[in-house]
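Data first, discussion second: the structure below is written as structure tokens.
The values are calculated or read from the model by the stated rules, or taken from the named source; none is laboratory data. Treat the numbers as computed from the prediction; the structure is a model and nothing was measured. Neighbour counts are summed over all protein chains in view; Cβ atoms, including those assigned to glycine, are modelled from backbone coordinates with ideal geometry.
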Amino acid sequence: MKKKFNTIAILILIALATSFIVNSSLAIDDFTAGFEEGFKSQKKDNISTTTSYWLDVINTEESEYNFTLTSKNNQEQVTFKPRVILAKTTKSKNESVATLSTITSIMVLATCITFIMSIVFFIKFIFAVNRGIVFDRRILFYLKILGWSLILSFACMTIYSLTSYQISKELFDIQGYKLLMAQPIPFFWLLGGLTILLIKQFVAMGIKMKEEQDLTI
């Protein structure tokens, strides 16, 4: 029984880690690009006047394929239309853009912190169950933190996606292309968090029934 439980737990842990990498890749790239530009400008004793943004775009017109790349198949030049691009622009003096940029940076850090908390408390939960601690108040605490950490991670990433999309709309207008929300909203985290909180309620009911039986005896 424990072997099956631990196998499923490892698969869930892998799924959580994979979903974090997939859903946070562009956000982390944005944050890293901004940090590197700021760090390089400080090393050169000057203030960086440019910043980079990842943009998710879709072609809205029957325009020509005016970008090329080399095919590995036959080494010929193949034309293509961009889907995800990295755009560099002069830093905006618009106060709303500056505010939104600050919010996106905070949300990236908050997402990392809350998601790491969810991983830590999931591992604590697994170890506790392996030690035979099931209908116990500690399990309720672990599940509560795990569930709310996933929900908060979802909320932070959703805010990041919306604010970065708004920044892109205010800064860029690409002729023939429509800007999309570059960062997908991770509804899997919300579903996972709500499911964990539901399991917590079942465990709480089990603990209450166990306590009532102990009092009866």
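The selection criterion, being basic (Lys, Arg) and more than 26 Å from Thr60 (Cα to Cα), does not hold for Lys178. How many of the residues in the range 155-183 are under 13 Å from Ile106 (Cα atoms) and either β-branched (Val, Ile, Thr) or touching a Cys at 6+ places or on another chain (Cβ under 8 Å) (or both)? Number satisfying all stated conditions: 3.
Of all residues in the range 134-175, those that are closer than 18 Å to Ile119 by Cβ and hydrophobic (A, V, I, L, M, F, W, C) total 13.
Selection of first residues in the range 156-180 that are surrounded by fewer than 16 Cβ atoms within 10 Å (Cβ to Cβ) and of second residues that are acidic (Asp, Glu), restricted to Cβ pairs under 6 Å at least 6 apart or on distinct chains, gives the following pairs, ordered by first then second residue: Gly176/Glu61; Leu180/Asp56.
Flag: Ile207 does not match the condition of being touching a residue at least 40 places away in the same chain (Cβ under 8 Å), crowded, with 17+ Cβ neighbours inside 10 Å and in a helix (DSSP H, G or I). Would you confirm, using the coordinates I've provided, whether Glu76 is at pLDDT below 70 and out of contact with any helix residue (DSSP H, G or I) (no Cβ under 6 Å at 6 or more places or on another chain)? Criteria not met by Glu76. State whether one or more residues within the range 184-192 are among the β-branched types (Val, Ile, Thr), modelled with pLDDT under 90 and touching a Phe, Trp or Tyr at 6+ places or on another chain (Cβ under 9 Å). Yes, the range 184-192 contains at least one residue that is among the β-branched types (Val, Ile, Thr), modelled with pLDDT under 90 and touching a Phe, Trp or Tyr at 6+ places or on another chain (Cβ under 9 Å).
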